[in-house]
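The values are calculated or read from the model by the stated rules, or taken from the named source; none is laboratory data. For clarity, every value in this text was computed on a predicted model and none was experimentally measured. Here the Cβ is made from the backbone with ideal geometry for all residues, glycine too, and neighbour counts use every protein chain on show.
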């Protein structure tokens, strides 16, 4: 069945993974800029990374018939050094007119620090300046509840249009506040942290199927690039019909992404 | 939701039974080994209690999340680490 992978870090995955997700029905993949597992030591390192996301990776995906899009930012794990982050952010506008750039992301918080929050707010202003949608990373584990609250407060203060913002990695204790505020919610299907397929379907049952998507966020850690399609199969086991499954794994992400000027099917 | 309670049990009982035994074995393993467990052990036990008796108005899953979450309001001055423990650090 066809589906969109709205969040995958393919720079960390093998070409075999592209083959597998293409065979599983993935037609479009979106890759937010993120932490590479280590801190980069210069803005030039990010320049090369943005070139990889906007030039090389789309070609790699195209070999398997997958449209590749990207989101650009400096991720929150490397935003603790605010001056360094600001140097990197000066590069970003040079890439915003690349044809596969969707918007600003994945920005957000990691350990909920003052510097992370300042850089997050500056990214939001950058998105507003260029009239671009935003993809947001919420912190891990014990930091998620607080981080989500800080992010929602900051977005309220920034007066962004919530319909153009997706807040990712929601779990049972954060999804309701995200949806109630009018934002989109992303559920990340991870083998260890974040959310399982079964729990994601539970959240669909409890909070509805509007303004939500599912993603694998597959990266260099323990993660599964086929997580979305496996969850779709689990939805069928739970007696969801094909139309409902397609809404969650294809129509919903398509609806959100169509707000991005460069997105087309 | 078309699936019934019976359907849900048919789909998830064995898997959940397996995970329950994994939790029990993890706690037994901790009991058996030398040294002192850190703050994560009492946090885990508290989360188990929260699961069994969730506060009114929230689900068991939400109760576990809340039990393992930082409930402070203000951003911290500076990060001392990049990763997370899974439970709120208490020295």
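Taking (1) in contact with a strand residue (DSSP E or B) (Cβ under 7 Å, 6 or more places away or on another chain); (2) within 14 Å of chain B (Cβ to nearest Cβ); (3) over 20 Å from residue B:71 (Cα atoms) in turn, residue A:190 satisfies each apart from (1). Within the range B:28-44, restricting attention to residues that are touching a helix residue (DSSP H, G or I) at 6+ places or on another chain (Cβ under 8 Å) and without any contact (Cβ under 8 Å) to a residue 12 or more places away in the chain, which residue is farthest from the other protein chains (Cβ to nearest Cβ)? Result: B:30. Can you name every residue in the range A:189-217 that is in contact with a helix residue (DSSP H, G or I) (Cβ under 7 Å, 6 or more places away or on another chain), surrounded by 17 or more Cβ atoms within 10 Å (Cβ to Cβ) and either modelled with pLDDT under 95 or not in a helix (DSSP H, G or I) (or both)? The answer is A:189, A:211, A:212, A:213, A:214, A:215, A:216.
For the range A:149-169, the condition holds for no residue, the condition being that it is modelled with pLDDT of 95 or more, more than 14 Å from every other protein chain (Cβ to nearest Cβ), within 16 Å of the chain's Cα centre (by Cα) and more than 18 Å from residue A:132 (Cα to Cα). Residue check: residue A:151 meets all listed conditions (1) crowded, with 24+ Cβ neighbours inside 10 Å; (2) farther than 25 Å from residue A:83 by Cα but one, namely (2). Regarding the range B:13-25, can at least one residue be identified that is at pLDDT 95 or above, exposed (fewer than 13 other Cβ atoms within 10 Å of the Cβ) and closer than 30 Å to residue A:36 by Cβ? Within the range B:13-25 (the criterion being at pLDDT 95 or above, exposed (fewer than 13 other Cβ atoms within 10 Å of the Cβ) and closer than 30 Å to residue A:36 by Cβ), the answer is no, since none of the residues qualifies.
Within the range A:117-139, the residues that satisfy the criterion of being within 12 Å of chain B (Cβ to nearest Cβ) and in a helix (DSSP H, G or I) are A:117, A:118, A:119, A:120, A:121. Looking only at the range A:225-245, residues that are more than 13 Å from residue A:200 (Cα to Cα), in contact with a strand residue (DSSP E or B) (Cβ under 9 Å, 6 or more places away or on another chain) and either surrounded by fewer than 17 Cβ atoms within 10 Å (Cβ to Cβ) or modelled with pLDDT under 95 (or both) come to 0 in all. The condition (being surrounded by fewer than 17 Cβ atoms within 10 Å (Cβ to Cβ) and on the phi > 0 side of the Ramachandran plot) is satisfied by just one residue among A:45, A:25: A:25.
Listed here are the residues, each with its yes/no results for (1) touching a helix residue (DSSP H, G or I) at 6+ places or on another chain (Cβ under 7 Å); (2) surrounded by fewer than 16 Cβ atoms within 10 Å (Cβ to Cβ).
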{"site": "A:32", "(1), (2)": "no, no"}
{"site": "A:49", "(1), (2)": "no, no"}
{"site": "A:56", "(1), (2)": "no, yes"}
{"site": "A:75", "(1), (2)": "no, no"}
{"site": "A:105", "(1), (2)": "no, no"}
{"site": "A:112", "(1), (2)": "yes, no"}
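Looking at the structure I just gave you, is residue A:142 more than 23 Å from residue A:33 (Cβ to Cβ), part of a helix (DSSP H, G or I), within 14 Å of chain B (Cβ to nearest Cβ) and at pLDDT 95 or above? Yes; evaluated as a whole, the condition is true for this residue.
Does residue A:143 fit the bill of being over 20 Å from residue A:253 (Cα atoms) and surrounded by fewer than 16 Cβ atoms within 10 Å (Cβ to Cβ)? Against the criterion (over 20 Å from residue A:253 (Cα atoms) and surrounded by fewer than 16 Cβ atoms within 10 Å (Cβ to Cβ)), residue A:143 does not qualify. Filtered by the rule that a residue be within 10 Å of another protein chain (Cβ to nearest Cβ), without any contact (Cβ under 8 Å) to a residue 12 or more places away in the chain and in a helix (DSSP H, G or I), the range A:228-246 gives a lone residue, A:237. Can you find a residue in the range A:162-172 that is over 25 Å from residue A:102 (Cα atoms) and in contact with a strand residue (DSSP E or B) (Cβ under 9 Å, 6 or more places away or on another chain)? Yes: the range A:162-172 contains one or more residues that are over 25 Å from residue A:102 (Cα atoms) and in contact with a strand residue (DSSP E or B) (Cβ under 9 Å, 6 or more places away or on another chain).
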